[in-house]
Amino acid sequence: MKPSVLLTGYRVMAYVTAVLLIALCVAMVGKYGWPSGTDVQHVGETATTVIGIAHGWLYMVYLVLALLITRLLRVPIGPMILVLLAGTIPFGAFFAEHKVVQWFRVWSTAKYGPAAGTTQQTGSAQT
């Protein structure tokens, strides 16, 4: 798999898992923050189940992609674990994604040179 494609897949999954985790937190407020039997509580209960299942499955995809990209970039074990766990902390994946992109730019520039670094980061040709 091309490094730029791996980075794009990781970035998409980081945003998806982060947004789903935030939505799950909002749904949990609806489920537990309103009296039992109210419409908001029922919607919160249903949303918690649906969003929780979706986040759980998609988090597994995030883990695989995060592991692949951090191994490619030769990230030390400590920061790698933090990137892997970022999908379990609301807003955490946004920060991890930003850091992984920075690491990728450094890695890409070192591997392909300054001129080719931009092309490899985005997956598009320079004009």
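General remarks:
- Any hit, segment 107-116, residues being farther than 18 Å from residue 1 by Cα and touching a Gly at 6+ places or on another chain (Cβ under 8 Å): yes
- Number of the exception - residue 53 against (1) exposed (fewer than 13 other Cβ atoms within 10 Å of the Cβ); (2) among the aliphatic types (A, V, I, L, M); (3) outside any helix (DSSP H, G or I): (3)
- Test result for residue 14, surrounded by 13 or more Cβ atoms within 10 Å (Cβ to Cβ), touching an Asp or Glu at 6+ places or on another chain (Cβ under 7 Å) and in a helix (DSSP H, G or I): yes
Residue-by-condition table, conditions (1) within 30 Å of residue 111 (Cα to Cα); (2) among the hydrophobic types (A, V, I, L, M, F, W, C); (3) in contact (Cβ under 8 Å) with a residue 60 or more places away in the chain:
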position	(1), (2), (3)
4	yes, no, yes
11	yes, no, yes
22	no, yes, yes
28	no, yes, no
37	no, no, no
44	no, no, no
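- Residue 64 outside any helix (DSSP H, G or I) and either under 16 Å from the mean Cα position of the chain (by Cα) or touching a residue at least 12 places away in the same chain (Cβ under 8 Å) (or both): no
- Test: residue in segment 100-119 that is assigned to a loop (DSSP other than H, G, I, E, B), at pLDDT below 90 and either hydroxyl-bearing (Ser, Thr, Tyr) or under 17 Å from the mean Cα position of the chain (by Cα) (or both): no
- In segment 17-61, residue farthest from residue 95 (Cα to Cα) [restricted to those that are touching a Leu at 6+ places or on another chain (Cβ under 6 Å) and of a type in the set (Val, Ile, Thr)]: 51
- Residues of segment 18-50 classified as among the small types (Gly, Ala, Ser) and buried (at least 16 other Cβ atoms within 10 Å of the Cβ), total: 6
- Scanning segment 79-90 for residues that are farther than 21 Å from residue 20 by Cα and either touching a residue at least 24 places away in the same chain (Cβ under 8 Å) or part of a helix (DSSP H, G or I) (or both) turns up at least one hit.
The values are calculated or read from the model by the stated rules, or taken from the named source; none is laboratory data. Since this is a predicted model, take the numbers as computed values, not measurements. Quick reminder, even Gly has a Cβ in these numbers, built from the backbone with ideal geometry, and neighbours come from all protein chains shown.
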